[in-house]
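Colleague: Below is a structure I'd like to ask you about.
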């Protein structure tokens, strides 16, 4: 069983992240190299001090290309320096992760400014190998009471944060990524940013949009493939990139949101199905696995 699991995992990464097939005019099939990312979130920043080797070993084994590292300003810069430099040596890009629902409020500018002030200082005092390669915002404004009580105002604050975040990330020459749920394509806005679809607005703003398509199967009307269809189509139309994220943590109340019960082999199989649909799309950036702690303990 273990050998089967390993084989499936290797097959997944080879097929999804490194090789795709194209059909030549003569009808021959030729494999071509593609650049696909595999990302994960590291929320417990102290792990870069308490178990950096275990974390990096796991990331390397899973062929992770990008890590979204939660910024904890109580951790000394040298700890970030060491971890990011070691990650860089393994070809892993580390992105500065931050954000919270209260960023989509009138005080959100203050919270975001703390991140970028710290990040600017950090980048100036780090070597190239020790620097972050991107900024990744996870704000999730729908968890704030304003989403229900004053929707348009809350959405406008959220858009403020993304607009400002993109501008400041560009100034630091960093890529700008955003987490959004798949159902943002059903949300509209009508405020100082105009009138439109919220999902489309976010995809236009971010360099890479990570769609939290938390389901444990690829197919069906409530499967991953169907849930991200609109976003993939729109991203293709405007030349933007999208990553598809899945969950591995335990969610007892709604188990179909996560691969916790199914395990890593089934997750790999389902993502192969997603790749069969979107693998050749120019909008397909890759996959993101939420999150490293639960992924590390996910059953085979």
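We did not get these values from a lab; they are worked out from the coordinates using the rules stated. Note that the coordinates shown come from a computational prediction; the quantities given were computed from them, not determined experimentally. Methodologically, a virtual Cβ is constructed for each residue, glycine included, from the backbone with ideal geometry; neighbour enumeration extends over all protein chains shown.
Colleague: Hey, rough spin-label estimate for residue 256 and residue 226, points 7 angstrom out along Cα→Cβ, what's it come to in nanometres?
Modeller: 0.9
Colleague: Fewest Cβ neighbours within 10 Å first, please rank 244, 225, 75, 110 accordingly.
Modeller: 110, 75, 225, 244
Colleague: What ranking do 79, 145, 199 get, fewest neighbouring Cβ atoms within 10 angstrom at the top? The partial results should precede the final answer.
Modeller: Values: 79 15, 145 10, 199 23.
Final ranking by Cβ density, sparse to dense: 145, 79, 199.
Colleague: Rounded to the nearest 500 deg cm²/dmol, what is the calculated helix-only ellipticity per residue at 222 nm for the chain, with -39500 (n - 2.57) per DSSP H run of length n ≥ 4?
Modeller: Helix contribution divided over all residues of the chain: -12000 deg cm²/dmol.
Colleague: Return 82, 154, 180 ranked ascending by Cβ neighbour count within 10 Å, so the fewest neighbours appear first.
Modeller: Ranked by crowding around the Cβ, least crowded first: 82, 154, 180.
Colleague: Let me ask something additional. Taking only C-alpha pairs under 8 Å that are 6+ residues apart, what is the relative contact order of the chain in percent?
Modeller: 17
Colleague: Report the antiparallel proportion of the DSSP beta bridges in the chain as a percent, rounded to a multiple of 5.
Modeller: Working: 9 of 47 bridges.
If I count the DSSP bridges inside the chain, around 20 percent turn out antiparallel.
Colleague: What ranking do 247-260, 84-97 get when scored by the average of other Cβ atoms within 10 Å per residue, highest first?
Modeller: 84-97, 247-260
Colleague: Quote to one decimal, in nm, the extra length available between residue 299 and residue 76 on full extension: 0.36 nm per residue of separation minus the C-alpha distance between them.
Modeller: 76.9 nm
Colleague: At 10 °C and 1.306 mPa s, grab the translational diffusion coefficient of the chain from Stokes-Einstein with a Kirkwood Rh over Cα pairs, rounded to a whole number in µm² per second.
Modeller: My calculation gives 79 µm²/s for D.
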